[in-house]
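Below is one structure; the comments refer to it alone.
What follows draws every value from the coordinates through simple rules; no lab data is involved. None of these values were measured; they are calculated from a predicted model. No Cβ is skipped: glycine too gets one built from the backbone with ideal geometry, and neighbour counts run over all protein chains shown.
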Amino acid sequence: MAKAKLKSGATNRSLPKALTGIQGLDEITGGGFPRGRPTLICGSAGAGKTLLAIEFLVRGATEFKEPGVFMAFEETAAELAQNVRSLGFDLEQLEKEKKLVVDFVRIERGEIDETGDYDLEGLFIRIGAAIDAVGAKRVVLDTIENLFSGLENQGILRAELRRLFRWLKDRGVTAVITAERGDGTLTRQGLEEYVSDCVILLDHRVTDQVSTRRLRIVKYRGTAHGTNEYPFLIDEDGFSVLPVTSLGLQHKVSDERISSGVPRLDTMLGGKGFYRGTTILISGTAGTGKTSLASHLVDAACRRGERCLYFSFEESPAQLIRNMRSIGLNLETWARKNLLQFHSSRASFYGLEMHLAIIHKVVKDFDPQVVVIDPVGSLIEAGNKRDAHTMLIRLMDFLKMRQITAFLTNLTSGGDAIEKTDVEISSIVDTWLFVRDIELNGERNRALYVLKSRGMAHSNQLREFLLTKQGVDLLDVYVGPEGVLTGSSRLSQEVREKAAEMVRQEEFQRKERNRTRKREALEARIAALRKDFEAEEDEAERDITQDQDREKLIAENRETMAKSRRADVNKTAVSSSTKKPKE
Amino acid sequence: MKKSTKVSKKRPLSLQEVADKAEKEGKEGPEPGDAWDLRLYVAGQSPRSLTAFANLKKICEEHLKGRYNIEVVDLVKHPQLAAGDQILAIPTLVRKLPQPLRKIVGDLRDTERALVGLQLRQTEESK
């Protein structure tokens, strides 16, 4: 029957698969391990092979109603139960519920002598009995290679292992076989030769004193699978693989705009603020108010009733709350209303992948609309630059997929080029704000500008950035003949300008007065002249009248004389000739 | 497996139980006069099992005549014992008595090795 099942499976287009239930692993394997076939998990000591196998069984038993059998060749059932209890797996309870059988296979070479031919039918019977006891669909053989240390006859062993894997296939169980990694080979005993359907390699690497676990599917017959090395982690919830590199650029975009919490900044960003679901980077030198801007965004989001996650790699939540209170932001209220969650940890505390995984987990649990990472640069401490870069890209993709607005702060150190981020993520951010110091006349002032903002008409102006008791304020900077001025220079420049204005005003008034005076003087002179003229006119008139009177008198006299002399009447000749001598 | 020796019909004792019982009696190492209690684990009637049984019988007749007992446990019938007694290989011969427990896997074709495994060679020499 099992054979028939397998055959029908083989004719199917896609291989039937058994979901592992392990976070991320089902995504990269395209649905889990090949159903009814053995899967080999190899890796060096401490890579997490046993744990992966156990979780495969536990998830199968609890989530997919597929009971399992765990054949332990290394640890006793009690040890195993104890080891995985910290991960929240209660093997004993599962055994009681008949969902799981743990069978410890003890192999001691000293106890066994070999004489002649044998086979491993005993093991087969044991596995078979265990499978039958709970109706198991999943079987784990945890480090079956231990058989090689217990039994001498390698020829028999190899033949029997081959038979065992075939037998497991025939029984139709999905088997997971773990094996230690060998030198230059996947497994010490070359088990990959026998298990050829699916091989998964676990790796545990330490780079710069930080360890990272990675998983890679070496081979998966008959299925398309992710080929990369995927980081994974083991925490209190078990195993999780991060298949984030496979996300691609398929995320939806939103036209919705959200306020930055600083009205003037919104104005700079096309009047409406950031696009929802975009990545915003604010970079700047130390103490330029990056965290304050982030807090404004958080405050604004919480006011809208949205949930925010704040990852702080430098400050503790209490410190952050206290500091933000000084600029009039009460983040504590939001934290208490459970709209705001802080996650503070030192970046060097975990490896990068762990950080990524934690961020993933928390984001999935809290489902926020806004995520702040303050500062992203410190993640380099947890890994190297390239890793941090890829991790951040993955993180950005992840957040974008979920339509989460991401706000990253980045500290630019003095020596570096200013328009550059430590982790070189500037190309993947959508909006890049820049806060810089302007040092002038013995003081430092902050200035903010929008370096880029995709998809909106944003201001190209530099704004002075003030941290007041009421929060962040943006002011116009003074741009004049003496360049860009901020702070007290701006103030003094303003005073100087005022003074100059006053001087100009006075000058104007003085000129005005002058003109009036001049006009008055002119008018006075005109009046005087007129008076003179009038006087002269009077005099002239008087003269004329006198002359006329005199003429008249003379004429009268001459007439009288003529009358008296009885001279001839040639009036004109007489009058003209007689007049002249008189003058 | 119907030979002269008895084939277990009731549940055979697990090896742990056997060891516990032996401890009570406080015995250590085979002594010349000891009664031998042997158990042969087989799985069904495979040719290899039959060979093993025949070889065992021969050795016992030769070295332990009259003071041995062979119990054959068929794991197909008692699969729980495979786990309990930590049996992987078939056939496996277990020397329950005299103490301590010894396990020999294989069809006992190599008589010399079987004798050494059963510590019979040693017993012979001490005779």
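Below, the figures for the structure above:
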quantity	calculated
Averaged over A:103-109, number of beta-carbon atoms from partner chains that fall within 10 Å	2
Charge context of A:ASP103, other residues only, Cβ under 15 angstrom, K/R +1, D/E -1	-3
Computed over chain A: relative contact order in percent, which uses C-alpha pairs under 8 Å that are six or more apart	12
Degrees between helix A:385-401 axis and first principal axis of chain A (Cα, 0 to 90, nearest 10)	80
Point-charge dipole on Cβ atoms (K/R +1, D/E -1) for the protein assembly as shown, about Cα centre, debye to 20	2020
Nearest-ten-degree value, helix A:121-134 long axis tilted from longest Cα axis of chain A	60
The protein assembly as shown - mean residue ellipticity at 222 nm from DSSP helices (-39,500 (n - 2.57) per run, n ≥ 4, rounded to 500)	-13000 deg cm²/dmol
Using a Förster distance of 56 Å, the FRET efficiency for A:GLU236-A:THR267 (Cβ separation, nearest 0.05)	0.75
Tail weight of P(r) past 45 Å, computed on alpha-carbon pairs of chain A, percent	47
Cα shape, the stretch A:257-476, gyration tensor, a/c 1.5 rule	rounded
Of all DSSP beta bridges in the stretch A:120-236, antiparallel share, percent nearest 5	80
Separation between Cα centres of the stretch A:32-52 and the stretch B:35-102, rounded to whole Å	36
Residue-count net charge about B:ASP85 - beta-carbon cut-off 11 Å; Lys, Arg +1, Asp, Glu -1	+4
Shape call, the stretch A:2-246: gyration tensor on alpha carbons, a/c limit 1.5	rounded
Average beta-carbon neighbours from other chains, 10 Å sphere, peptide B:39-52	2
Student exercise, the stretch A:256-343 dipole from Lys, Arg, Asp, Glu Cβ charges, in Debye to nearest 20	240
Sequence-distant residues sharing a close amide H with B:LEU40 (under 5 Å, placed H)	B:GLU71, B:VAL72, B:VAL73, B:VAL94
Cβ-Cβ FRET estimate between A:GLU494 and A:LYS469, R0 fixed at 22 Å, reported to 0.05	0.50
DSSP beta bridges in the stretch A:257-476 [antiparallel fraction, %, rounded to 5]	45
Potential extension, A:GLU541-A:ALA562 segment - 0.36 nm per residue separation minus Cα distance	4.5 nm
Among A:ALA77, A:PHE89, A:VAL105 the positive-end extreme of the charge dipole of the stretch A:72-116 (Cβ point charges)	A:PHE89
Mean Cβ neighbour count within 10 Å, used as a protection proxy, ranking A:287-294, A:75-82, A:454-461 highest first	A:287-294, A:75-82, A:454-461
Residue-averaged beta-carbon neighbours from other chains (10 angstrom radius) around B:90-97	3
Of every Cα-Cα pair in the stretch B:15-118, the percent that sits beyond 17 Å	50
Ordering of A:137-147, A:301-311, A:332-342 by burial proxy (mean other Cβ atoms within 10 Å per residue, highest first)	A:137-147, A:301-311, A:332-342
The stretch B:15-118 - charge dipole about Cα centre, Lys and Arg +1 at Cβ, Asp and Glu -1, debye rounded to 20	240
Degrees separating the helix A:49-63 axis from the principal Cα axis of chain A, which is the longest one	90
Cβ-defined net charge surrounding A:GLY271, 12 Å radius [Lys, Arg +1; Asp, Glu -1]	+2
Highest to lowest packing among A:493-504, A:353-364, B:84-95, scored as the average C-beta count within 10 Å	B:84-95, A:353-364, A:493-504
